[in-house]
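Heads up, the thing below is written out as structure tokens.
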Amino acid sequence: MLSRELLLKKAVFERYTFKPHTRIHFDTFAREEKLLKKNLGKIKDKEIEHVGSTAIHGLGGKGIVDILIFVQKKNLSKAKRGIIKSGFNYNGNWQKRRYFFSKYYLHKKRAHLVHVHLTAETKEFHKLLALVDYLKRNKTARAKYEKLKRKASEMYWTNGENYRKFKKKLLSKLAKKALLDYRQS
């Protein structure tokens, strides 16, 4: 049997390996959302959403549960403290639009990774929500994106930067379509 430490190291090493979607992703989000709501306390106008591949039934990917939190700019510092109190490690500011946090946990002898993206930018928030909604409703786009994710994970399973660069063109195209679709509905 692998020790907790070895399981976590294995998860770090395999974080860009393609995995099928499972129910665990939804359960993980529900558990983390509850904890985050508790630790974010009385921050008004906060929104917590499940985004990324694990938010879309049937879409495989890295298996990382991505959580997007929107708060008013004046509440960013308080929100950061609440996220850290929820067990997440602060990993810095990403592209000056999002604060990035991560946490590993063990579930049924397997290590999993959860990311939290904190933003006060409504445009960034709606872009990610629109993309998730679009992929949930558009089977063709979802299949195309999954095929690309599979290829990216085969080619760049040890390099996150190259993995993201490989997906960027299609992801940007899908995001534009998603925003158009989102505005029209």
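Bear in mind these aren't lab numbers, they're just calculated from the coordinates by the rules spelled out. On a predicted model such as this, the values are computed, not experimentally measured, just so you know. Here the Cβ positions follow ideal geometry from the backbone for every residue, glycine too, while neighbour counts run over all protein chains shown.
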**Fill in**
Computed over the Cα atoms of region 4-184, the Rg and Dmax in Å are 16.0, 49
**Exceeding the 19 Å Cα-Cα cut-off - candidates LYS34/LYS74; LYS123/LYS173; LYS80/LYS149** = LYS34/LYS74; LYS80/LYS149
**Asked** Relative contact order for region 4-184: what is it in percent, counting Cα pairs under 8 Å that are at least 6 residues apart?
**Response** 24
**Prompt:** Where both partners of a DSSP beta bridge lie in region 4-184, what percent of those bridges are antiparallel, to the nearest 5?
**Reply:** 75
**Asked** Where Lys and Arg each count +1 and Asp and Glu each count -1, what net charge lies around ASN162 among other residues with Cβ under 13 Å from its Cβ?
**Response** +3
**Stretchable slack from THR122 to ASP27, in nm (0.36 nm times residue separation minus alpha-carbon distance)** = 31.5 nm
**Item:** Set LYS103/LYS168; LYS85/LYS177; LYS19/LYS169; LYS37/LYS73 screened for pairs whose C-alpha atoms are more than 29 Å apart
**Value:** LYS85/LYS177
**Prompt:** Quick one: GLU47, GLU33, fewest Cβ neighbours within 10 Å first, how do they rank?
**Reply:** GLU47, GLU33
